[in-house]
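A quick write-up on the structure given underneath.
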Amino acid sequence: MSEIHEDYIIEIENVSKTFTGGVEAVRGFSAKIRRQEVVVIMGPSGSGKSTLLRCINGLETAESGAIVVDGIRLDGDKRRRLEIRKEVGMVFQSFNLFPHLTVLENVNLAQRRVRKKNKASATERSLELLQMVGIADKANSYPAQLSGGQQQRVAIARALALAPKVMLFDEPTSALDPEMINEVLDVMKKLARSGMTMVVVTHEMGFAREVSDWVIFMDDGQIVETGAPESIFARPQEERTRRFLNQIL
Amino acid sequence: MKTDGVSTADSFHRAKPWRFLFRSPGKDVAQFILLIVVGGWLISLSTARLGYYWQWYRLPRYLFRIEAGRLVAGDLIKGLFFTLRISGVSLALALTIGLATALLRLSDSFMGRLLTRVYLEVIRNTPLLVQVYLLYFVIGPILGLGRFASAVMALSLFEGAYMSEIFRAGIVSLHKGQWEAAYSLGLSRFDTYRDVILPQAIRRILPPLTGEVISLIKNTSLVSLVSLSDLALQARVIAADTFLTFEVWFVTAAIYLALTIPLSIVVYGMEKRFKVLT
Ligand SMILES: Nc1ncnc2c1ncn2[C@@H]1O[C@H](COP(=O)(O)OP(=O)(O)OP(=O)(O)O)[C@@H](O)[C@H]1O
Ligand SMILES: [Mg+2]
């Protein structure tokens, strides 16, 4: 039994999150994600996708249920929350790069502060990561000097800086101009093929089809339907899934 | 005498009218000359009516004297140095208090938030003059603070309250995505403040903060009321001794202006640059 348990890098059990003001963003959500899996979460606006992701790295605190990431249980404990954040990288819709730091400094920061690396060894890894996302030549630029697609690729490199075991993506391409979407998706696909465990909130069907192992369709804070991308897109079982897919196609 | 909260907005406004002098030079030079002429005329009118005799020649010795072939500072310049010293010490302390108060107010600690609220309300709703006296006559003796220390305490507690509001505004003006990105990287709250939040906030608040420094310099004149020999006290003493009332107070005002106007220009420059950058 314990070996099977080890397979799951993220275990979410019956998690609920109600905001002050009474909005039930996530309601009794459960899911288990294996190592190296790529999971895509879809659902209408306000269905709780962002909130769920943010619960996984402790940016929000779920008021009930259990979240275990790589054997570490998220509870009130501050140190465990920091531990989990080192294991989980996150990429935001609005990039959230640090505008006063160069690209290189953005990627260096966590290595220097969290891993206490010296500048040279942090820079070495950062440049490798920037190479990987195809933006090493901009290392000394400031975020404002980059296009949206370039900024998001820097954000991916930054999130990878601590070599996390899981990467969370919250609509990484929805703030981008259409011609920049692919350069970001390509980096994400490369990451997926390298064996990274990924949880991706996106409405990019092509990406879901190509790299995801399964898709979660969410509405109203709950799972409506899950399944392999081919089957869920071709033959959605639930009326709500069908309606949503019709809208985004 | 203005003793209560010289708010930032307020000091901005006061700094503004003469900034216009720098726009479209020709017109403004003309206006400036007109202002001087009218001002001079009004002054001469009032001194004539008072039967005031200008005796400017008696004033320089209160600025500088030559003693044994060496230039020494007169009482007004000594007062200026004292004003600079008390401003400097109070500024350092006020910045520290301001930042600490802002961070405490934004913290999760209920007691911290409560204490800072009480502090801010008390400071902002009582006149600085009363605070100076209270610290000098009541709290200073209890804590064993000397005259200088209690005056510095009063000034820095007062300015610290206003500066904390500026710090707080700068911090909360940052997009919350900055916090989330830092936290998601595993940064502690301390590191997040140090590396991400404060460097950005400080750029934004430098103009209003400099405005507060101007207020601080002006407000130091109140310490003359507890007999600290700053510029204002020296001026009062010299004026009383020599009856050079007009000369002394004009020069004193000019010295304060010489301190604050460069700072106003700095604020103006920063505001302009900030507008370009954002
Ligand atoms: N900080 C908050 N305080 C109060 N309510 C919130 C907060 N964050 C989100 N909500 C509410 O929780 C619900 C779920 O929001 P969430 O952002 O998780 O949805 P989402 O699926 O990511 O939507 P979108 O596609 O628009 O990003 C919404 O009704 C939202 O208004
Ligand atoms: Mg969202």
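So the values come out like this:
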read-out	value
Hey, residue A:60 among the acidic types (Asp, Glu) and within 16 Å of ligand 2 (Cβ to nearest atom) or not	yes
So residue B:156, is it exposed (fewer than 15 other Cβ atoms within 10 Å of the Cβ) and either touching a residue at least 24 places away in the same chain (Cβ under 8 Å) or hydroxyl-bearing (Ser, Thr, Tyr) (or both)	no
Residues of segment B:202-225 that turn out to be crowded, with 19+ Cβ neighbours inside 10 Å and facing chain A (nearest Cβ under 10 Å), as a count	0
Output for segment A:112-123, where each listed residue is within 23 Å of residue A:170 (Cβ to Cβ) and more than 9 Å from every other protein chain (Cβ to nearest Cβ)	none
Filter result for residue B:239 (part of a helix (DSSP H, G or I), surrounded by 20 or more Cβ atoms within 10 Å (Cβ to Cβ) and of a type in the set (A, V, I, L, M, F, W, C))	no
Residue that is touching a Phe, Trp or Tyr at 6+ places or on another chain (Cβ under 6 Å) and either of a type in the set (A, V, I, L, M) or in a helix (DSSP H, G or I) (or both), where the choices are B:99, B:145, B:157, B:80	B:99
Criterion (within 16 Å of ligand 1 (Cβ to nearest atom), touching a helix residue (DSSP H, G or I) at 6+ places or on another chain (Cβ under 8 Å) and within 28 Å of residue A:174 (Cα to Cα)) met by exactly one of A:88, A:103, A:40, A:23	A:40
Residues being crowded, with 23+ Cβ neighbours inside 10 Å and in a strand (DSSP E or B) - total across segment A:30-62	5
Selection status of residue A:175, within 16 Å of ligand 2 (Cβ to nearest atom), within 14 Å of chain B (Cβ to nearest Cβ), over 22 Å from residue A:10 (Cβ atoms) and of a type outside the set (S, T, N, Q)	yes
Given (1) outside any helix (DSSP H, G or I); (2) within 16 Å of ligand 2 (Cβ to nearest atom), index of the condition residue A:16 fails	(2)
Residues within segment B:164-197 that are at the interface with another protein chain (Cβ under 10 Å from one of its Cβ atoms), not in a loop (DSSP other than H, G, I, E, B) and not β-branched (Val, Ile, Thr), tallied	14
Among (1) touching a strand residue (DSSP E or B) at 6+ places or on another chain (Cβ under 7 Å); (2) within 15 Å of ligand 1 (Cβ to nearest atom), the one test that residue A:46 misses	(1)
Within segment A:36-56, considering residues that are of a type in the set (A, V, I, L, M, F, W, C) and within 11 Å of ligand 2 (Cβ to nearest atom), the one nearest to the other protein chains (Cβ to nearest Cβ)	A:53
Near pairs, Cβ below 7 angstrom, 6+ apart or cross-chain, from segment A:38-51 (β-branched (Val, Ile, Thr)) to any residue that is near ligand 2 (Cβ under 8 Å from one of its atoms)	A:41/A:49; A:41/A:201
Residues of segment A:77-99 satisfying the condition of being more than 8 Å from every other protein chain (Cβ to nearest Cβ), over 22 Å from residue A:49 (Cα atoms) and not in a helix (DSSP H, G or I)	A:77
Residues that are more than 25 Å from residue B:88 (Cα to Cα) and surrounded by 15 or more Cβ atoms within 10 Å (Cβ to Cβ), drawn from segment B:100-153	B:105, B:106, B:112
Selected residue [in a strand (DSSP E or B), surrounded by fewer than 18 Cβ atoms within 10 Å (Cβ to Cβ), more than 14 Å from every other protein chain (Cβ to nearest Cβ) and more than 17 Å from the chain's Cα centre (by Cα)] from A:66, A:25	A:66
Condition check for residue A:229: closer than 27 Å to residue A:14 by Cβ, without any contact (Cβ under 8 Å) to a residue 40 or more places away in the chain and either within 16 Å of ligand 2 (Cβ to nearest atom) or of a type outside the set (Lys, Arg) (or both)	no
Residue within segment A:152-169 that is surrounded by fewer than 23 Cβ atoms within 10 Å (Cβ to Cβ) and either of a type in the set (S, T, N, Q) or within 16 Å of ligand 1 (Cβ to nearest atom) (or both) present	no
Check on residue A:244, buried (at least 21 other Cβ atoms within 10 Å of the Cβ), in contact (Cβ under 8 Å) with a residue 60 or more places away in the chain, in a helix (DSSP H, G or I) and within 16 Å of ligand 2 (Cβ to nearest atom)	yes
Of residues in segment A:69-82 being in contact with a strand residue (DSSP E or B) (Cβ under 8 Å, 6 or more places away or on another chain) and basic (Lys, Arg), the one surrounded by the fewest Cβ atoms within 10 Å (Cβ to Cβ)	A:73
Residue match in segment A:125-139 (condition: closer than 20 Å to residue B:199 by Cβ and more than 23 Å from the chain's Cα centre (by Cα))	yes
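Values quoted throughout were computed directly from the atomic coordinates according to the rules given, and no laboratory measurement underlies them. Computed from a predicted structure; not experimentally measured. Virtual Cβ from ideal backbone geometry, glycine too; neighbours counted across all protein chains shown.
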